[in-house]
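Everything below concerns the one structure shown next.
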Amino acid sequence: MNNQNRLLSKDNLPIPYASRNVGPLGYFFVWVGMAVIIATFALGGDGVQTMHLGWVLLACFLANLALGFFISVTGDIGIEHGLTFPVYMRAPFGVFGTHLPTLIRAVLGSFWFGIQTYFGALAINYIFMYFTGFDSWLFWYVVFAAVQVLNTAFGFKAVERFANIAAPSIIIISIYLYIRLEGIASADGINVWNTVLGSEGTTGFVWNTFIVLFFVNMAFWSTAASDSQNLTRHVRTAQFEKRWWKRNQNTLMGHMVALPLTQSAMIVIGGVSMIALNNWNPVEAIQSISTGMVLLVMLVLVVFAQWSTNAASNLLTPAVVFSDIFPKVSYAGGVVITGIIGSVIQPWALMEALTDFLNVMSSVYSAIVGVVVADYYILRKRRMNVTDLYKKDGQFSYAKGWNLAGLFALVAGVGMATIFSSYAFLVGFAASLVVYYILAKYWWFKKYRQAEIEEQYPDKYLGTTDGRDWVLDEQSNEVVSVKTAEASLDKVM
């Protein structure tokens, strides 16, 4: 491969249809593992201060169901064209402008890697302290971080294999924790579903709390709503399938089922733990209610939960971004960089500012999602001149590599989401979508013509739907369109 083209590397090429080897169950398990974020327990603990647990659960479930839909919408980019997040973002932001939103995503992923690894290290440290007396969470942090980096460096298939082990473990620990914690509360005469801890929650429902929980929950996975193609491009699908829901049915199991159910379970456990033990932290809760081998098994499962989340969400995507920004850095090298950054910045020290941080994150990524939906669905109608995404002088070079329509829309979306912070995700999404559509359609794309639009959306710019792959031509060192020799409709399952 000619390395003179910095836009092209072996790690950012589209994945051909025949190489997509993750099935619906595997993808479901990946999302069960990903959806366990320790901070979710904190939201459950906060929610029951002013509102009944049932309302807290409903806010979480609806938020994740809505977000799962957004994730599926943008995930079609990976299903249809097999593209990575940074490569696709060259369309709405330019071949250089793509680095702005993707680098933000990489830093945020590193932040979460540090937090999740910290909680996992605490669990490992307690295990060894309990049985051997050795006490050093920092030592176990380094070990745990290294193991996760090694696992993720082997690629998405290795992440899926681990998820197949971790997901059932997470389901087990969730059931166990709820039964134990609810039993403790019942022994004290407390009905966890009819208890509000704070004095303000006499009615059992507080609208402000419900709204805050709803949008903060959306903020947790607002990143995936913009970059889910990094995962979906590995998932099996059906060729020549024009129905959106049918084409995306395997990924919908992860986004619309696994994510809402798992996140909801975690927020319930956080709420019940707060009611029963006045502590939302599951690691500390397990220590207080378990002993011996039961304690060991439960804490190992907590470690699995952090590992599975980090591998699929907080290491994989930043690694893809770093390898795209720095062409000489491989995907595996990007994983290592992510692990180092996430550890050096010590994000666990910022847990007190978690809600504010999530609101900022939501405002940025809701704006990106709005731009992506306007660009991919409304303006290009799912067609993409993939060949030019890898050309320095192609249609996506724009003005010195920048698409100003995307940049202005991003600023507008973030600004509006910041002003209306209580509704950050929806406001940021709507604002950026409208601004990008108007600026791109009536200004930017008049100056920089887009082949998919100018040619009236021919099917030659479709991928899976038209039985087409985008592959590297070694002789020309360009990505070209190739019709698959034999289209198969039986690769869905």
So what are the ³J(HN,Hα) numbers for segment 212-219, from phi and the Karplus equation (6.51, -1.76, 1.60; θ = phi - 60°), rounded to whole Hz, Gly and Pro as x? 4, 4, 4, 7, 5, 4, 5, 5
Please list the radius of gyration and Dmax for the chain, considering alpha-carbon atoms only, with Å as the unit. 22.7, 75
Which net charge results for the neighbourhood of W470, defined as the other residues with beta-carbon distances under 12 angstrom from its beta-carbon, given Lys and Arg at +1 and Asp and Glu at -1? -2
Show which lysines lie in cross-link reach of K381 when reach means a straight Cα distance below 22 angstrom and same-chain residues fewer than eight apart are skipped. K242, K246, K391, K441, K446, K447, K460, K483
T195's amide H: which non-local residues (gap 5+, or another chain) put their own amide H closer than 5 Å, with H modeled 1.01 Å from N in plane and none for Pro or chain starts? L53
Just how large is the dipole of the chain about the Cα centre, in debye to the nearest 20, putting +1 at every Lys and Arg Cβ and -1 at every Asp and Glu Cβ? 1260 debye
Using θ = phi - 60° and the Karplus form 6.51 cos²θ - 1.76 cosθ + 1.60, what ³J(HN,Hα) does each residue of segment 128-136 get, whole Hz, x for Gly and Pro? 6, 5, 5, 9, 10, x, 6, 10, 7
Using the per-residue mean of other Cβ atoms lying within 10 Å as a proxy for protection, in what order, highest first, do the peptides 327-337, 265-275 fall? 265-275, 327-337
0 to 90° range, to nearest 10: angle between helix 331-344 axis and the chain longest Cα axis: 40 degrees
Measure nothing but the geometry: give the 0 to 90° angle between the long axis through the Cα atoms of 38-47 and the longest principal axis through the Cα atoms of the chain, rounded to 10°. 60 degrees
If one compares the long axis through the Cα atoms of helix 354-373 with the longest principal axis of the Cα atoms of the chain, the angle in degrees, nearest 10, works out at 30 degrees
For segment 44-130, just say rounded, prolate or oblate: build the C-alpha gyration tensor, square-root its eigenvalues into a ≥ b ≥ c, call rounded for a/c under 1.5, and beyond that prolate if a/b exceeds b/c, oblate if not. oblate
Among L296, L259, which comes first, second and so on when ranked by fewest other beta-carbon atoms within 10 Å? L296, L259
Choose one of F134, I124, G97: the residue whose Cα lies farthest towards the positive end of the charge dipole of segment 1-144 (beta-carbon charges +1 Lys, Arg; -1 Asp, Glu; about the Cα centre). G97
What's the magnitude of the charge dipole for segment 388-452 around its Cα centre, counting Lys and Arg as +1 and Asp and Glu as -1 at the beta-carbon? Answer in Debye, nearest 20. 240 debye
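FYI, it's all coordinate maths here, none of it is from the lab. Since the model is a prediction, treat every value here as computed from it, not as a measurement. Heads up, the Cβs are rebuilt from the backbone with ideal geometry, glycines too, and the neighbour counts pull from every protein chain shown.
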